[in-house]
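Since the structure comes first, as structure tokens, the remarks are kept for the end.
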Amino acid sequence: MANYKLIIFISAILIAQWANIFAQQAGNTNAIYSGLAWYDQNGKVVSAHGANIVMKNGKFYLFGEVHSDTSNAFAGFNCYSSKDLYNWKFESMALPVQKNGKLGPNRVGERVKVMKNPSSGDFVMFMHVDTLGYKDQFVGYATAKKITGPYQFKGPLLFNGKPIKKWDMGTFQDHDGTGYLLTHGGMIHQLSTDYKSIIAETNPTIATGFESPTLFRKNDTYYFIGSHLTSWEKNDNYYFTAKSLSGPWTARGLLAPKDKLTWNSQSTFVLKIEGTKDTTFMFMGDRWSFPKQHSAATYVWQPITFTGDSISIPQYLNAWTVNLNTGAANTIRLNHKILLPNNKQISYSGNWKSSTIDSIPIIRSNDPKAFLSFKFNGKQIGLYAYLLPDNGYAKVEILNNKGEVVVKNIIDLYSKSPMSQLAFLSPILNKSEYQLIVTVTGERPNWSDKRKTLYGSTGNNITIAKLIIL
Ligand code: GLA
């Protein structure tokens, strides 16, 4: 009898946990949302930074760096898949931390890029390998028979028997299937037919710095995007164009409006989405957030605008869609109810100050005990913040009507360039009563690089502009 009761008790706990997980409806995201956490089919935050996307049989496969909130050490490369670019399914840790060696414990592994090799049919993965202090860098590679892995780490990619001692890297596959390795500074190296070594230097360095090298081709023009060298801090990314990969490369200026810091992101890849009527080139950038890179670093994916052969991201789209049949990108309006900070239904605890920035009403606090609370009946809630240079991390929690936490995340409200943006959007929940709690954490993103330069926020404020209920 006692055993029987114990089984019922354990089953009840498991059912309660199961119900909690399924308070979230995976698979219903209807757009590409930049600057906020994405959730996979298990309700876990998507961790895939410094990423690229490979298409196979009508599916998109996203590869990216796994991060933790406590250390910068290599934590593996994840693989997710999606049929629509909105909902991401965790597939595998394509390359885990190795038992020992150059991608073993306490090493750095970044900017993973995967390409399918046209001659062997194998998948080849490239990455930046380094020490934790970024003092022994080289480009490494790994191979797999299946796109989702497991990938076998093979060590350094060699050119004339020597490793490529560069840190930031990217890849590019040309229309004829030839593969190229891109390294910071704008160097381009041609890969061998099997992609497992380098056979030629196609282009020499074109600019100092020029990190996060990202290259794509539209018709007969090559576009080469890169960032300045400011560690995890975002800067105004810029680009070059050429008619041949070996140049000459022409400097074309900034990708986004000046001082917007590429909409607070750093380039990593451009995905071509070709449809029957249109082709969308999607810029993929990282909004880093050191040290909480797992919870709070996000993705900035935006459609690129072409004017002749000039490119730009003239405005930041919180949410947009891409029609995979026609290839056309569209902005969407979120159909929601808005609550401004002074709404009586929102309660505030601790010290908060109301004001306006650019006539946008905001409320702000850096009191480490402060939180706001809001009860709602709905299936999704979002939060617009005013990102500011003295903002820090906020904790966002959603509680169900039993007081159980069904969603919890840390969000980063810091940006060196002030901007009002959607900073949190919950997963779609079962329609019910919930409580949103947003707390000041008293923590902020800040760090120093290997040259001991200090970066990051100057304060722990959180600055809220409005809540939205969908
Ligand atoms: C730059 C690089 C990243 C990473 C950080 C480390 O942002 O592009 O890949 O190496 O620096 O500071």
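The values are calculated or read from the model by the stated rules, or taken from the named source; none is laboratory data. Given the structure is predicted, the values throughout are model-derived calculations rather than measurements. Counting neighbours? That spans all protein chains shown, and the Cβs are built from the backbone with ideal geometry, glycine included.
Values computed for the structure shown
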item	result
Qualifying residue in the range 141-161 (condition: within 13 Å of the ligand (Cβ to nearest atom) and in the same structural domain as L62 (by TED's automatic domain parsing))	no
Single residue of the range 431-453 satisfying the filter (touching a Phe, Trp or Tyr at 6+ places or on another chain (Cβ under 8 Å) and at pLDDT below 95) that is farthest from A394 (Cα to Cα)	K450
Evaluation of G179 against (1) of a type in the set (G, A, S); (2) within 16 Å of the ligand (Cβ to nearest atom); (3) modelled with pLDDT of 95 or more (one fails), failing number	(2)
Residues of the range 196-254 classified as touching a Pro at 6+ places or on another chain (Cβ under 9 Å), aliphatic (A, V, I, L, M) and more than 30 Å from G456 (Cβ to Cβ), total	1
Residue ID - surrounded by the most Cβ atoms within 10 Å (Cβ to Cβ), chosen from residues in the range 440-466 that are within 12 Å of the ligand (Cβ to nearest atom) and basic (K, R)	K450
Failed condition for I188, given (1) surrounded by fewer than 23 Cβ atoms within 10 Å (Cβ to Cβ); (2) more than 16 Å from the ligand (Cβ to nearest atom)	(1)
The range 258-272, residues that are under 13 Å from K218 (Cβ atoms) and buried (at least 21 other Cβ atoms within 10 Å of the Cβ)	V270
Any hit, the range 159-167, residues being touching a residue at least 40 places away in the same chain (Cβ under 8 Å) and part of a strand (DSSP E or B)	yes
Residue within the range 355-362 that is closer than 24 Å to H294 by Cα and either in contact with an Asp or Glu (Cβ under 9 Å, 6 or more places away or on another chain) or surrounded by 18 or more Cβ atoms within 10 Å (Cβ to Cβ) (or both) present	no
Unmet requirement for N318, which otherwise passes all of (1) assigned by TED's automatic domain parsing to the domain that holds R111; (2) over 27 Å from V46 (Cα atoms)	(2)
Residue identified as modelled with pLDDT under 95 and either within 14 Å of E443 (Cα to Cα) or more than 19 Å from the chain's Cα centre (by Cα) (or both) among K395, K379	K379
Residue ID - farthest from the ligand (Cβ to nearest atom), chosen from residues in the range 260-296 that are charged (D, E, K, R) and part of a strand (DSSP E or B)	E274
Subset of the range 399-420 [surrounded by 22 or more Cβ atoms within 10 Å (Cβ to Cβ) and not aliphatic (A, V, I, L, M)]	D412, Y414, S415
Selection count, the range 98-128, where residues are free of Cβ contacts under 8 Å to residues at least 40 places away in the same chain and surrounded by 20 or more Cβ atoms within 10 Å (Cβ to Cβ)	1
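So that you can scan it fast, the table gives a plain yes or no per residue for (1) within 24 Å of K234 (Cα to Cα); (2) crowded, with 18+ Cβ neighbours inside 10 Å; (3) not basic (K, R):
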| site | (1), (2), (3) |
| --- | --- |
| Y316 | yes, yes, yes |
| V322 | no, yes, yes |
| A328 | no, no, yes |
| N342 | no, no, yes |
| S347 | no, no, yes |
| W352 | no, yes, yes |
| L372 | no, yes, yes |
| G382 | no, yes, yes |
| E397 | no, no, yes |
